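Q: Quick one: this structure, given as structure tokens, is what I'll be asking you about.
The values are calculated or read from the model by the stated rules, or taken from the named source; none is laboratory data. Values in this document were obtained by computation on a predicted structure and should not be read as measured data. For neighbour counting, all protein chains shown are included, and Cβ atoms are generated from backbone atoms with ideal geometry for every residue, glycine included.
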Amino acid sequence: MSLSEILQRACIEWPNATALADGEETLTFADLDREAEVLADALRGRDALPDEPILLAVSNRARDIAGFLGIWKAGGVAVPIHRSSLESDVGDIAHRVGSRFAVTLRPDLRAPAPFGEKAVTVMDRTPPQRPLLNGAAAIGFTSGTTGQPKGVVLGHEPYRRKLKQLQDLLGFKPGDASLMPLNLTFIFGQWVTFLTLANGGTVHLVDRFAPDAFLETLQTRRITHTGMVPTMLRMLIPVLEDGGADFTGTVMLGGEVTPPPLAERISALWPDARFWDLFGLSETGSCDLILPPGDFTAKAHTVGRPGDGIDVKTDPESGELLIRTPCRMLGYLDAPDLTAAAFTDDGFFKTGDLATIHPDGSVELIGRAKELINRAGNKVSPLEVERALMTHPGVAAALATGLPHDVLGESLHVMLIPKSGAPLAAEEIKEFVRTVLPGPKRPDGYVFGETLPTGRTGKADRGALRKLLTDAGQSPESAGTAPCFMRDGNTDDRVSRIVK
């Protein structure tokens, strides 16, 4: 069964129920089906080909979902692109997928070319024949922190299997309401939306996450489920500590690791919420490892156990986590060599995460193979450093990265976010670090801020932190707005820069 058939079945079963709301517009299931059919007719009338990739402008608007459904009804493959994307990036994606059509069902909202003032913009090109796209539902592009973004091709049947697995876990019901602040260009935001709709629920779409508005919607719209990344929890905590209301629904977490101190703090502030930590990758269909509510704090140092039908192991030499799942991607677009290299001979995907598998089957991540910091010959996991620093009672969040250094090869730098009302003292942090980390793993420099830098996915991003540190060091004249750095005494003065 395709995703189109799943959503159409919901439209037939609950035609008068509210399907989608975005603060400006509300669509019933009948409205959703009607909007999608109008788009499908327009694409058919322009001779859209089976399995043809079609660009779709999204920014968490109700009619964006009608765009997905309309493309699928016409037999196409959705390529969602956020309306805030740079025109050069969109042009690159349009060229790579060879799409003839750019769809926006909100032409009144600004979007980069080739999206235009009409619902369907036609381009003068012919998409190549690609057997890989047979049965494909969507193409999502990775964040591209290590090179050109790769097009991850997701199939209807693997996606359907994943939705069934998640439904067996989460038990969505007709009348449920999901608050959805996650980007629709990524699989996490998509599956929360599609799963809610498939079971007769309402999706309240949020384009920009703002803590106060988010909490107000939780209360006034009787929300039962919400999907979040841990960065959003960090942003919520000061508001909750200032008297924000409790939440009694289900919180689905993904996108990045939830540190144990964060799990403990949010559980104390929302004692009646049910937290599901769901770890996975776009390439594996998302949500491969499950940490259920009963283990959320007790086993927060792990990302849970494999879901139904999923196998995990670690590479005996490198310690890299390997995942095998029937919900895996169809492949990388136009990159058969990359696709082959991403899997072992027995079908396990190479995640790039270093991990330990405990006797009970739970998986503990210890870092990214490509993110290990080579500090004077010592391989340092930034995740290990972050976890150690977050055991300090005054630290709300930590993010570590490496910077090139002419003596050490790489120096280790950390951004710290103080807890509300608990300013961090430099000397106190340095003394504390000496009690929780051995010498080679102690940071060379620190920066303090109000929030962690994020990437295009909304997750805390090491690359963004690296750029912030580099830019600050290269532009001392901007010190008036630069973050405040300190250095540890275990290295020479060349290791880190001080911006006063």
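Q: Within the stretch 371-390, work out how many residues are part of a strand (DSSP E or B) and either within 17 Å of L424 (Cα to Cα) or modelled with pLDDT of 80 or more (or both).
A: 3
Q: Let me ask something additional. Quickly run through the stretch 304-321 and pick out the residues that are under 15 Å from G285 (Cβ atoms) and within 20 Å of the chain's Cα centre (by Cα). Give the steps one after another, and end with the answer.
A: Going residue by residue through the stretch 304-321, those that are under 15 Å from G285 (Cβ atoms) are 306-312.
If the condition is that a residue be under 15 Å from G285 (Cβ atoms) and within 20 Å of the chain's Cα centre (by Cα), then P306, G307 are the ones that fit.
Per-residue answers, yes or no, for (1) outside the structural domain of E37 (by TED's automatic domain parsing); (2) assigned to a loop (DSSP other than H, G, I, E, B); (3) more than 23 Å from the chain's Cα centre (by Cα); (4) closer than 30 Å to P292 by Cβ:
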| position | (1), (2), (3), (4) |
| --- | --- |
| I65 | no, no, no, yes |
| S99 | no, yes, yes, no |
| L105 | no, yes, yes, no |
| A111 | no, yes, no, no |
| E117 | no, yes, yes, no |
| R125 | no, yes, yes, no |
| Q129 | no, yes, yes, no |
| Q167 | yes, no, no, yes |
| P174 | yes, yes, yes, yes |
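Q: Here is a follow-up. Kindly indicate the residue of the stretch 11-39 that is over 17 Å from D64 (Cβ atoms) and either β-branched (V, I, T) or touching a residue at least 60 places away in the same chain (Cβ under 8 Å) (or both) and also surrounded by the fewest Cβ atoms within 10 Å (Cβ to Cβ) among those meeting that condition.
A: Among those that are over 17 Å from D64 (Cβ atoms) and either β-branched (V, I, T) or touching a residue at least 60 places away in the same chain (Cβ under 8 Å) (or both), it is I12.
Q: So, one more: Hey, could you check the stretch 451-460 for residues that are assigned to a loop (DSSP other than H, G, I, E, B) and in contact with a helix residue (DSSP H, G or I) (Cβ under 9 Å, 6 or more places away or on another chain) and say which is surrounded by the fewest Cβ atoms within 10 Å (Cβ to Cβ)? Please lay out each step first, then the result.
A: Taking the stretch 451-460 and keeping what is assigned to a loop (DSSP other than H, G, I, E, B), we get 451-453, 455-459.
Now drop any that are not in contact with a helix residue (DSSP H, G or I) (Cβ under 9 Å, 6 or more places away or on another chain), which leaves 451-453, 455, 457-459.
On the way: T451: 13, L452: 22, P453: 20, G455: 15, T457: 20, G458: 20, K459: 20.
Looking at the filtered set, the residue picked out is T451.
Q: Can you tell me which of (1) of a type outside the set (S, T, Y); (2) part of a helix (DSSP H, G or I); (3) crowded, with 17+ Cβ neighbours inside 10 Å is the one N183 doesn't meet?
A: Going through the list (1) of a type outside the set (S, T, Y); (2) part of a helix (DSSP H, G or I); (3) crowded, with 17+ Cβ neighbours inside 10 Å, N183 breaks only (2).
Q: Does E52 satisfy the criteria of being surrounded by fewer than 20 Cβ atoms within 10 Å (Cβ to Cβ), more than 23 Å from D176 (Cα to Cα) and either modelled with pLDDT of 95 or more or under 24 Å from the mean Cα position of the chain (by Cα) (or both)? Please lay out each step first, then the result.
A: Working: surrounded by fewer than 20 Cβ atoms within 10 Å (Cβ to Cβ): no; more than 23 Å from D176 (Cα to Cα): yes; either modelled with pLDDT of 95 or more or under 24 Å from the mean Cα position of the chain (by Cα) (or both): yes.
Considered against the rule, which asks whether it is surrounded by fewer than 20 Cβ atoms within 10 Å (Cβ to Cβ), more than 23 Å from D176 (Cα to Cα) and either modelled with pLDDT of 95 or more or under 24 Å from the mean Cα position of the chain (by Cα) (or both), E52 comes out as no.
Q: OK, next. Take the stretch 91-100 and flag every residue that is touching a residue at least 12 places away in the same chain (Cβ under 8 Å) and under 12 Å from P149 (Cβ atoms).
A: I93, R96, V97
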